Amino acid sequence: MSNGGIYVQVPFCQTKCTYCNFHTGVVASSRFRPYVEAVCREIREHRLLLEAAGANWPGRLRGDGVARETRSEDLAVDTVYIGGGTPSLLDPAHLQNILNAIRASFAADLTEVTLEADPETIEAGRAAAWVRAGINRVSFGLQSFSDKELVAAGRMHRRADIYRAVPILREAGIRNISFDLIAGLPHQTKESWRQSLEELAALAPEHVSVYLLEIDVGSRLGKELLQGGGKYSAGAVPSEDEMAESYEMAQEWLGAAGYHHYEISNWAKPGFESRHNVKYWRREPYLGFGAGAHSFSGAERWANAHDAAAYVTAVQSGRLPVEQHETLTAESALEEELFLGLRQLDGIDVARIERMYGVALAGRFNSLALAGLVKRDGSVVRLAPEKLSVSNEVFVELMR
């Protein structure tokens with residue numbers, strides 16, 4: 001079994017983006033410390049808390065089951081991802097405490113430790129402290145290089161903040177930076193999208209994620225799009241066809257700039273693929289800590305309650321507030337293998353999956369192959385590179 005990963009959720013932001021449907025909130029900084037203390041307690045007492053909540057790890061990961069303090073050999077981990085929210089808002093000492101708790105509670109040989117950060121939160125002293133704590137990768141939620149688009153999206157930073165922040169991180173010793181872009185923001189045009197891609201390539205981050213704007217009724221922009229109104233620039237959102245064109249432009253530009261397209265939304269310079277996120281797509285085990293964090297043991301999935309205050313209260317009282325808990329059936333595990341596997345550009349080995357699950361799958365791909373949506377190479381099936389922008393349609397058809 002592969003080493004596991006650890007995800008830490010920090011559900012705090014400076015402002016709520018108009019397109020955001022995440023369970024995050026704008027709170028007073030005085031709430032940060034008790035939250036971090038609760039996360040550290042959950043990490044230190046994870047085995048007992050999980051057992052009490054009925055969430056079980058496989059034998060190698062779970063230890064011998066004897067009531068005792070958590071032993072580090074219960075779970076060997078090599079990646080940590082601190083996401084949110086905007087975890088870069090936390091005091092560096094808080095981040096240090098979280099990582100210290102992980103090192104004390106697990107067999108931790110941490111090769112990749114990622115911190116999500118917004119450009120306006122970057123300061124030289126904080127960045128140096130992050131590196132001392134062991135953070136070696138920073139994921140920037142840039143979304144755009146256009147100030148007009150950033151304002152419409154409710155982002156705090158501006159283009160100038162990006163150019164100020166990147167040199168600070170480089171000087172601090174961060175050699176692995178990831179940029180996020182969103183195709184489809186209000187007021188985005190073909191010209192402004194091309195400009196964002198040009199400026200991104202000039203700054204040369206090691207990793208790039210490109211997401212299509214998701215229209216969700218849980219966001220302010222989503223509600224406006226569905227119900228009408230002009231407060232959040234819903235009328236200036238590009239069409240689905242225009243978003244698809246932007247995605248295809250990103251494929252072309254990033255490929256020409258030397259980035260390897262390894263997952264539908266992700267590109268990397270050679271050797272800089274996100275080791276942590278790859279665990280999700282390969283269905284490798286990971287533990288999530290914090291409000292709303294998800295975990296996967298290989299056979300079960302569960303998630304903590306989203307409300308940060310309720311989470312803190314529960315952990316302080318010695319309970320883990322598990323909100324969702326699912327034991328996977330063979331059928332649901334197979335669907336995950338197909339869906340997550342096809343998200344990766346290397347595709348899936350159909351023969352391997354057939355042996356693992358005792359099923360015959362080849363016929364499920366016939367109509368997709370005839371329609372040019374997937375490509376076959378022996379027993380390997382991949383999404384057709386020119387059809388990645390309509391991948392959701394492929395997944396829907398495959399799961400029928």
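The distance linking the stretch 199-263 with the stretch 161-185 is 18 Å (Cα centroid to Cα centroid, whole angstrom).
Once the Cβ-Cβ distance of Tyr163 and Ala360 is raised to the sixth power relative to R0 = 45 Å, the FRET efficiency obtained is 0.25. Taking only the Cα atoms of the stretch 159-242, the ratio Rg/Rh comes out at 1.07, with Rh defined as the Kirkwood radius.
At full extension, Ser332 and Val380 could sit 15.2 nm farther apart than now, given 0.36 nm per residue minus the alpha carbon distance. Sparse packing (at most 13 other Cβ atoms within 10 Å of the Cβ) combined with a DSSP loop state is found for the following trypsin sites (Lys or Arg not before Pro) in the stretch 255-297: Arg282. For Trp302, Trp253, the ranking by accessible surface with the largest value first comes to Trp253, Trp302, using a 1.4 Å probe. The convex hull around the C-alpha trace of the stretch 285-400, projected and averaged over every direction, spans 8.7 square nanometres.
Between Glu191 and Ala53, what FRET efficiency comes out of the Förster formula 1/(1 + (r/R0)^6) with R0 = 60 Å and r the beta carbon distance, rounded to 0.05?
0.70
For Gln324 and Arg275, the FRET efficiency from 1/(1 + (r/R0)^6), where r spans their Cβ atoms and R0 equals 22 Å, is about 0.25.
Around the Cα centre of the chain, unit charges on the Cβ atoms of Lys, Arg, Asp and Glu (plus for the first two, minus for the last two) sum to a dipole of about 720 debye. Each eigenvalue of the Cα gyration tensor of the stretch 252-343, multiplied by 5 and square-rooted, gives one semi-axis; in descending order these are 32, 18, 10 Å.
So, counting K/R as plus one and D/E as minus one, what does the shell of residues with Cβ under 9 Å around Tyr262 add up to? Summing Lys and Arg as +1 and Asp and Glu as -1 gives -3. Within the stretch 82-107, what residues put their amide N at less than 19 Å from the label point 7 Å along the Cα-to-Cβ vector of Ser30? Those under the cut-off are 90-91.
Other residues whose C-beta falls under 11 angstrom from the C-beta of Ala384 contribute a net charge of +3, scoring Lys and Arg +1 and Asp and Glu -1.
Are any of the pairs Lys269/Lys387; Lys279/Lys387; Lys190/Lys231; Lys190/Lys223; Lys223/Lys279 more than 30 Å apart by Cα-Cα distance, and if so, which?
Those over the limit are Lys223/Lys279.
Full extension of the chain between Ala257 and Asp216 gives 11.5 nm of extra length, using 0.36 nm per residue less the Cα-Cα distance. Electrostatic tally near Gly154: other residues with Cβ closer than 9 Å to its Cβ, Lys and Arg +1, Asp and Glu -1, net +3. In the list (i) 65, 47, 44; (ii) 59, 54, 43; (iii) 71, 51, 47, the label attached to Cα extents along the principal axes in Å as derived from the coordinates here is (ii). When the stretch 95-157 is described by a simple charge dipole with +1 on each Lys and Arg Cβ and -1 on each Asp and Glu Cβ, the residue from Ser144, Ala108, Ile122 located farthest towards its positive end is Ala108. Segment Leu340..Asp147, full-extension length gain: 66.0 nm, with 0.36 nm per residue of separation and the alpha-carbon distance subtracted. Each principal axis of the Cα atoms in the stretch 299-359 has its own extent, and those three values, largest first, are 49, 24, 12 angstrom. Label positions at Leu370 and Leu203, each projected 7 Å from the Cα along the C-beta direction, are separated by 4.7 nm.
The values are calculated or read from the model by the stated rules, or taken from the named source; none is laboratory data. In this text, all values refer to a predicted model and were calculated from it rather than measured experimentally. With ideal geometry, Cβ positions are generated from the backbone for all residues, glycine too; neighbour counts draw on all protein chains shown. For the accessible areas, the whole protein counts, side chains as well, though only heavy atoms, and no ligand, DNA or RNA atoms are used. Shrake-Rupley method; radii C 1.70, N 1.55, O 1.52, S 1.80 Å.
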